[in-house]
Amino acid sequence: MTDMNRGKFDDLKDAYALGALPEDEHRDFEAYLQAHPESQSEVEDIASIAALLAISPAGQEPPKRLRRSVMAMVNAESANSRQERRQASPPSSWRASLDRLRDAFPARIALGAAAALVVGLLSWNVLLQSEVQTLDGQNSELQAEIEAARAGADGTGGADAGADGSRILAMQAEGEASGSDAEVMAFEGDRAVLVAQNMPTLPDDQTFQIWVIDDGGAQPSGLFQPGEGPVATVVEQSLEGAETVAVTVEPSGGSPQPTTDPMLSAQL
Amino acid sequence: MIEMMADNSKKYLTLADEDLISMVGGEDPDAFAALYDRHSRAAFSLGYRIMGQRQTAEDLVQEVFLKVWRSANSYRAGRGSVRTWILSIVHHRGIDQLRATASRQRTKDRFEASAEKSQPSEAFAETWRNSQRDQVREALKTLPEEQLKILELAYFSGYTHVEISKLMNLPLGTVKGRMRLGLKKMRDYFDSRDVAVPR
């Protein structure tokens with residue numbers, strides 16, 4: 001702390017509220033505030049006036065593509081975290097609970113507890129159904145966003161470039177996926193969504209895995225399961241500097257490196 | 001399904017920002033979309049005012065809304081409205097980026113042009129948000145030009161008081177004094193009309 005005192009505090013508080021203190025004075029000011037919490041409300045009061053400047057600029061309409069891109073990322077993160085939560089709570093834990101109850105309680109009590117668990121399982125089932133519906137909704141939204149971006153790209157007259165720099169790359173399908181239709185939609189330079197439909201069905205213990213391939217090798221970039229309609233999945237790795245995007249079949253949960261030949265691929 | 005989604009959209013329209021932000025904290029993308037629709041215009045307007053270019057303003061606003069999505073749980077109602085919180089993130093990140101850019105486009109020319117931009121020049125919409133903006137603009141109109149310039153240089157262009165004193169060739173004490181008087185005059189505008197300061 002330098003020579004910060006009440007007088008200096010009064011001298012600097014307006015500049016602090018406006019974010020206009022040089023780093024050293026800002027640090028000293030905050031140290032003073034920490035040591036004198038009674039001054040906090042005074043500063044907050046001035047800051048609330050300074051913050052009014054934020055709503056004064058002339059109105060500017062944000063472009064629609066900004067909403068599409070923000071919502072695509074948010075929907076993808078939301079879908080991923082739901083998937084992670086589901087994977088983190090396997091049904092086997094219910095069986096383990098039943099086993100523990102059976103060991104711990106006499107038969108009649110265990111029967112009652114088991115009945116309660118059945119009710120719980122039913123509720124869980126309802127919850128999962130609702131989650132599936134929500135995911136369906138999110139998938140539809142992603143689809144709509146991609147269609148909108150595709151329309152934007154088509155509207156410019158370019159084969160694959162949108163006015164906002166988006167690119168749509170058709171993926172080459174091989175083997176069992178030869179009847180599939182898949183595209184990578186790259187936007188904002190390095191982010192992308194992969195859309196696939198008519199993919200072959202997979203057994204429960206397998207999944208499709210996306211790979212972004214560059215000089216350093218194949219980077220795992222997301223998992224997806226085939227659906228009845230088109231499935232949209234965010235490509236989790238940046239496409240910057242990448243050469244290829246590919247999809248392979250991997251064991252459920254994904255692999256650190258591809259273990260099968262690509263079913264889909266697109267050169268960037 | 002479509003009807004259900006339409007009902008959901010209506011439900012979000014009627015919710016307060018504070019309710020929406022807590023739903024966003026629970027990872028509800030529809031609640032987030034409703035918040036985005038309410039505040040993206042103000043966020044983009046501020047971002048554009050600070051960055052001076054649409055593309056960089058877009059990048060900034062995207063970054064800010066992703067932070068809102070990921071950090072909704074850190075919002076504290078006691079420290080201001082949701083809108084104030086979102087705009088403060090736009091402001092802090094925008095100024096950080098300006099300061100980090102070597103070729104800061106914060107020239108005198110831009111500053112002088114910006115003074116014009118801040119003048120009210122349009123018929124205002126009837127929504128309460130625009131009404132608040134009207135009030136703030138009216139409050140800013142009561143400031144002498146030299147005070148307004150200093151507030152704008154500090155708030156929108158990220159200059160420190162020392163930099164402003166050099167830029168305007170004024171003693172540091174004068175810059176501090178004008179900052180103080182400018183902010184006080186804004187407060188007086190609301191006090192004299194017995195109107196609560198927008199939060």
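The values are calculated or read from the model by the stated rules, or taken from the named source; none is laboratory data. These numbers come from a predicted model, not from an experiment. As a convention, Cβ positions derive from the backbone with ideal geometry for all residues, glycine included, and neighbour counts pool all protein chains shown. With ligands, DNA and RNA removed, areas are computed over all heavy atoms of the protein, side chains included. Shrake-Rupley method; radii C 1.70, N 1.55, O 1.52, S 1.80 Å.
Can you name the residue in region A:9-24 that is without any contact (Cβ under 8 Å) to a residue 24 or more places away in the chain and not small (Gly, Ala, Ser) and, of all such residues, is most open to solvent (accessible area, probe 1.4 Å)?
Among those that are without any contact (Cβ under 8 Å) to a residue 24 or more places away in the chain and not small (Gly, Ala, Ser), it is A:GLU23.
Any idea how many residues of region A:31-78 are within 25 Å of B:VAL197 (Cα to Cα) and not β-branched (Val, Ile, Thr)?
Count: 21.
Taking region B:144-199 as the search range and keeping residues that are of a type in the set (A, V, I, L, M, F, W, C) and more than 11 Å from every other protein chain (Cβ to nearest Cβ), which one is nearest to the chain's Cα centre (by Cα)?
So the residue we want is B:VAL195.
Return the only residue of A:VAL245, A:VAL249, A:VAL212 being assigned to a strand (DSSP E or B), free of Cβ contacts under 8 Å to residues at least 40 places away in the same chain and open to solvent by less than 30 Å² (accessible area, probe 1.4 Å).
Selected residue: A:VAL212, the only one of A:VAL245, A:VAL249, A:VAL212 that is assigned to a strand (DSSP E or B), free of Cβ contacts under 8 Å to residues at least 40 places away in the same chain and open to solvent by less than 30 Å² (accessible area, probe 1.4 Å).
Please work out if B:ALA34 is in contact with a helix residue (DSSP H, G or I) (Cβ under 6 Å, 6 or more places away or on another chain) and more than 8 Å from chain A (Cβ to nearest Cβ).
yes
For B:THR142, indicate whether it is farther than 25 Å from A:ALA58 by Cα, β-branched (Val, Ile, Thr) and open to solvent by 20 Å² or more (accessible area, probe 1.4 Å).
It is false that B:THR142 is farther than 25 Å from A:ALA58 by Cα, β-branched (Val, Ile, Thr) and open to solvent by 20 Å² or more (accessible area, probe 1.4 Å).
For region A:25-51, name all the residues that are within 13 Å of chain B (Cβ to nearest Cβ) and either touching a residue at least 12 places away in the same chain (Cβ under 8 Å) or crowded, with 16+ Cβ neighbours inside 10 Å (or both).
Listed by number, the residues that qualify are A:GLU25, A:HIS26, A:PHE29, A:GLU42, A:VAL43, A:ILE46, A:ALA47, A:SER48, A:ILE49, A:ALA50, A:ALA51.
Any residue at all in region A:221-233 that is aliphatic (A, V, I, L, M), over 21 Å from A:VAL70 (Cα atoms) and either open to solvent by less than 20 Å² (accessible area, probe 1.4 Å) or part of a loop (DSSP other than H, G, I, E, B) (or both)?
no
Restricting attention to region A:183-209, which residues are among the acidic types (Asp, Glu) and either surrounded by fewer than 18 Cβ atoms within 10 Å (Cβ to Cβ) or not in a strand (DSSP E or B) (or both)?
Listed by number, the residues that qualify are A:GLU188, A:ASP190, A:ASP204, A:ASP205.
Determine whether region B:21-40 contains at least one residue that is farther than 23 Å from A:PRO57 by Cβ, of a type in the set (S, T, N, Q) and outside any helix (DSSP H, G or I).
no
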